[in-house]
Amino acid sequence: MWPDDDDRPKLHLVIPSTRAHPDPDTATDAETRPVGPVIEGVPVDIDDRPAERLDVPLTTAWADVTSGNVRPRTPIIPAWLRGSQRRQVARAIGNLAGYTLAFHATRSPKYAAKVAVYAPVGAVRVVGRLLHWATAEEGNWRLRQNAATTNDAHTWQALNRTRSREARGRWWALAAGVVAAIVGLFVLRGTGFVTPPMAWAALAALVLVLARVGRPADRPITDRVANGPRFTKLTAEMVRAAFTSLGFSVMKEPGSISFVHPGIHRDGPGWLARVNLPAGLEAVKVLERRGALSSALRLPVDQVWPSPGPEHAGQVDLWVGYQPSSKMGKPRWGLDSPTARTSYFELEEFGTDERQRAVCTQLAFQNFLIGGRPGSGKSFAGRAIVTIGMLDPTVEIKIVEYKGTGDFLDLAPICSTYACGLSDEDFATGLAILNWGLAEAERRGKRIKEAYLRGEAPERKVTPELARKPGSGLHPILIVIDEAHELFGDSVVGADAASAAERLAKRGRALGITLVIITQIPDKDSLPTGITRNIGIRWCLAVPDQVANDMILGTGAYKRGITGTVYRPVVDAGWGVLTGLTEPTAVRGHYPDPEATARIVARATALRGGLRVGAADEQLAAARDLLADMLAVAGRNGQHWAPAASALTERWPDAYPAMTPEALSELARARGVASVDVKISGRNLKGYKVTDVRALIAARDAADGTDGH
Ligand SMILES: Nc1ncnc2c1ncn2[C@@H]1O[C@H](COP(=O)(O)OP(=O)(O)OP(=O)(O)O)[C@@H](O)[C@H]1O
């Protein structure tokens, strides 16, 4: 998996640290900092200014009117009717009109031929319809038919008399109309009021109307000017019909839903309808029926995007694109440009929302959790995040992936550590990376303290200046664990890896260490809640149910309508709902094609001068022998667990970054050391006896065929 085995950083399994780490901070959510907003992309429609429109206050109180505070108002004259935009619009309209004229003029012979064929058909149809009308056949046809089938001759005759009376009137009206038309024509001709061009024009119009009537329904006379996609206009009737067809008993009547100001309006490349559901009906119930909505609107599913409304749990934002997202074309990614360079501390784009607006985040002070069912696009979502780190040449990257197929293999040359597979060694590597991260956090804590005293870290956090400063030892670090459930679920190192990940997620943030955890099976063993609690940005791709959704996004997310269950596996690959930004957002990560990916990786490699940031000065923990170390920190007799644990951390902080008495006794027990009462300096407490440890080392060495140290 590693391109050049000699280059591979040497990782050793370090003795795991504690599971039960008594830290008072653990109970709180460490990340509450919102990251930057969803950035608006280029406006698609020059008249389309959604942000401004949404700023229009929904209600106006008397105090607002009298206070003199001028709130944002919708402009009286639309933007496109003002200044240079007006000229632009006029030019665009003139251009379109000229093109349309030329288009139809060249096809006019074809249109004339079609009219010549369809007009006589139309004439026959018109005459036929008039005669049919005059007979009044349709008036009481059903009743007469009923009388005929029931052999009720009397009723039939009565009905037929009514019909013929009606028909007689109609025949007279028809005859009078025909006579009036003929007389009118002669009169107009006699008075000379109608000039020959007018007469020809009227005749032409008549022929066109007859041709329109005579043409088959599916054969328009003129060709379509634009072959581009037809845009769907969302109307209130469509929305009401769609919502009432969902089958909720409280939402049967069209009037049961109401539209929030400013009604259905353009929003990006589509329409937005903010709808209040009937009282008591939760938005999530509607969101779950995205397929039914698509069916009712007669639009593809990926054109219909319901999301929870911002005001209350009974509000739905229904956004309907002009086109399905699959047809909108791939959005351009700024990071795929020959000059792209990112900053760990700045907002950078990694995906787009359904309206193709850029979604940005910064890596600094953040941790990421990406979850979803197999094939939902997790690894590519993770790659989009990693790309931000790749293009900042100060960021050290460590990746370990447990799918074993090398989803990140092409990034190996820029990683200080890369491992891929499911062997014991790969699991040990995962744990070693996390423990290294913890040890690094310890070291960084001290460095930050010194920088603070020098006035270089006013908030006791890594700053961009410190991160860039050579020799500061504070360059940013990005640690990615793909298919992390394999690591956390491993019977040997799993629990320790989970505990280390939890502590790293909590401590690393302020110290320039960002953790990206990508996982598939979210249950409490494969994704301990201690980890999720400490991760601010959570991206839930397609998941099967509420339980999986809430494991990733937090309890209650599903009920608030924030759910990845609306995405279909495979079809909606890459789509997910993301929390931790200013508001929950549907996001699809950028998905560059292989050529673009190769370009980005090449650029990242060039920016780094072909070097792996951090690989040279990395000091991973040396493999240690716990039993030997326990002897080293013991007294003549033995040692109590508490002083032994702190002595281990003090003497070998990299190997035992935060050892606790409980963790040490557990680890020692796993190696056969009994926890017994030990008397030291007159105190009788639980600990281990030197004789026991020596016996175990001797037995082990004998079994290995070695003669000890
Ligand atoms: N952003 C995206 N846009 C379009 N298609 C995508 C996107 N992300 C992923 N896909 C498609 O989904 C497929 C699966 O993606 P990926 O390997 O990331 O999924 P995964 O969830 O990691 O799957 P697994 O659990 O099997 O590893 C990709 O091969 C690709 O075809």
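A few notes on this one:
- Residue that is modelled with the lowest pLDDT [pool: residues in the range 605-632 that are closer than 16 Å to Leu696 by Cβ and open to solvent by less than 20 Å² (accessible area, probe 1.4 Å)]: Leu626
- Qualifying residue in the range 129-145 (condition: touching a Phe, Trp or Tyr at 6+ places or on another chain (Cβ under 6 Å) and in contact (Cβ under 8 Å) with a residue 24 or more places away in the chain): yes
- Selection count where residues are more than 14 Å from the ligand (Cβ to nearest atom) and polar (S, T, N, Q), scope the range 386-405: 1
- The set of residues in the range 124-138 being of a type outside the set (S, T, N, Q) and either touching a strand residue (DSSP E or B) at 6+ places or on another chain (Cβ under 8 Å) or surrounded by 11 or more Cβ atoms within 10 Å (Cβ to Cβ) (or both) consists of Val124, Arg125, Val126, Arg129, Leu130, Leu131, His132, Trp133, Ala134, Ala136, Glu137.
- Criterion applied to Ser294, Ser326 was being part of a helix (DSSP H, G or I), within 18 Å of Thr352 (Cα to Cα) and touching a helix residue (DSSP H, G or I) at 6+ places or on another chain (Cβ under 8 Å), and the one residue passing it is Ser326.
- Condition check for Arg383 on (1) buried (at least 21 other Cβ atoms within 10 Å of the Cβ); (2) modelled with pLDDT under 90; (3) within 12 Å of the ligand (Cβ to nearest atom): one failure, at (2).
Residues are listed down the side, and each one gets a yes or a no for (1) at pLDDT 90 or above; (2) open to solvent by 70 Å² or more (accessible area, probe 1.4 Å):
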position	(1), (2)
Ala202	yes, no
Val209	yes, yes
Arg212	yes, yes
Pro216	no, no
Thr244	yes, no
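- Screening the candidates Val284, Val320, Val275 for the property of being within 21 Å of Pro584 (Cβ to Cβ), touching a Phe, Trp or Tyr at 6+ places or on another chain (Cβ under 7 Å) and at pLDDT below 90 yields one hit, Val284.
- Qualifying residue in the range 252-262 (condition: in a loop (DSSP other than H, G, I, E, B), open to solvent by 50 Å² or more (accessible area, probe 1.4 Å), touching a helix residue (DSSP H, G or I) at 6+ places or on another chain (Cβ under 9 Å) and free of Cβ contacts under 8 Å to residues at least 24 places away in the same chain): yes
- Some residue of the range 458-469 being acidic (Asp, Glu) and within 30 Å of Gly574 (Cα to Cα): no
- One residue from Val587, Val571, Val577 being surrounded by fewer than 22 Cβ atoms within 10 Å (Cβ to Cβ) and either among the hydrophobic types (A, V, I, L, M, F, W, C) or assigned to a loop (DSSP other than H, G, I, E, B) (or both): Val571
- Subset tally (residues that are β-branched (Val, Ile, Thr), closer than 20 Å to Ile433 by Cα and either open to solvent by 10 Å² or more (accessible area, probe 1.4 Å) or more than 14 Å from the ligand (Cβ to nearest atom) (or both)) for the range 358-370: 0
- Qualifying residue in the range 472-489 (condition: open to solvent by 60 Å² or more (accessible area, probe 1.4 Å) and away from the ligand (no atom under 16 Å from the Cβ)): no
- Matching entry among Glu450, Glu348, Glu425 (being in contact with a helix residue (DSSP H, G or I) (Cβ under 7 Å, 6 or more places away or on another chain), charged (D, E, K, R) and without any contact (Cβ under 8 Å) to a residue 60 or more places away in the chain): Glu348
- Test for Leu96: is it aliphatic (A, V, I, L, M) and open to solvent by 90 Å² or more (accessible area, probe 1.4 Å): yes
- For the condition surrounded by fewer than 12 Cβ atoms within 10 Å (Cβ to Cβ) and assigned to a helix (DSSP H, G or I), Arg165 qualifies.
- Residue match in the range 435-450 (condition: under 16 Å from Phe488 (Cα atoms) and over 28 Å from the mean Cα position of the chain (by Cα)): yes
- Taking the range 537-593 as the range and being within 16 Å of the ligand (Cβ to nearest atom), more than 20 Å from Asp525 (Cβ to Cβ) and small (Gly, Ala, Ser) as the test, the residues that pass are Ala542, Gly564, Ala573, Gly574, Gly576, Ala586, Gly589.
- Complete set of residues in the range 386-425 that are buried (at least 24 other Cβ atoms within 10 Å of the Cβ) and polar (S, T, N, Q): Thr387, Thr417
- Residue list for the range 168-187, filter: under 21 Å from Ala123 (Cβ atoms) and open to solvent by less than 70 Å² (accessible area, probe 1.4 Å): Arg170, Ala173, Leu174, Ala175, Ala176, Gly177, Ala180, Ala181, Gly184
- Output for the range 445-471, where each listed residue is of a type in the set (Gly, Ala, Ser) and crowded, with 16+ Cβ neighbours inside 10 Å: Ala451, Ala457, Ala467
Conditions tested, residue by residue: (1) among the charged types (D, E, K, R); (2) on the phi > 0 side of the Ramachandran plot; (3) free of Cβ contacts under 8 Å to residues at least 40 places away in the same chain.
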position: Ala153; (1), (2), (3): no, no, yes
position: Leu159; (1), (2), (3): no, no, yes
position: Arg163; (1), (2), (3): yes, no, yes
position: Arg170; (1), (2), (3): yes, no, yes
position: Val179; (1), (2), (3): no, no, yes
position: Val187; (1), (2), (3): no, no, yes
position: Gly192; (1), (2), (3): no, yes, yes
position: Pro196; (1), (2), (3): no, no, yes
position: Trp200; (1), (2), (3): no, no, yes
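- With respect to the stated conditions, Glu442 fails to be within 16 Å of the ligand (Cβ to nearest atom) and open to solvent by 10 Å² or more (accessible area, probe 1.4 Å).
- Filter result for the condition that a residue is open to solvent by 10 Å² or more (accessible area, probe 1.4 Å), more than 30 Å from Pro476 (Cβ to Cβ) and more than 14 Å from the ligand (Cβ to nearest atom), over Arg373, Arg341, Arg355: Arg355
- Residue list for the range 233-251, restricted to those being of a type outside the set (Gly, Ala, Ser), without any contact (Cβ under 8 Å) to a residue 40 or more places away in the chain and more than 22 Å from Gly280 (Cβ to Cβ): Lys233, Thr235, Glu237
- Taken over the range 500-525, the criterion of being open to solvent by 10 Å² or more (accessible area, probe 1.4 Å) and either within 28 Å of Pro544 (Cα to Cα) or touching a Phe, Trp or Tyr at 6+ places or on another chain (Cβ under 7 Å) (or both) is satisfied by Glu502, Arg509, Ala510, Gln520, Ile521, Pro522, Asp523, Lys524, Asp525.
The values are calculated or read from the model by the stated rules, or taken from the named source; none is laboratory data. This structure is a prediction, so every number in the text was calculated from the model and none was measured. Methodologically, a virtual Cβ is constructed for each residue, glycine included, from the backbone with ideal geometry; neighbour enumeration extends over all protein chains shown. Ligands, DNA and RNA are stripped out before the accessible areas are found, and what is left, the full protein with its side chains, is counted by its heavy atoms. Shrake-Rupley method; radii C 1.70, N 1.55, O 1.52, S 1.80 Å.
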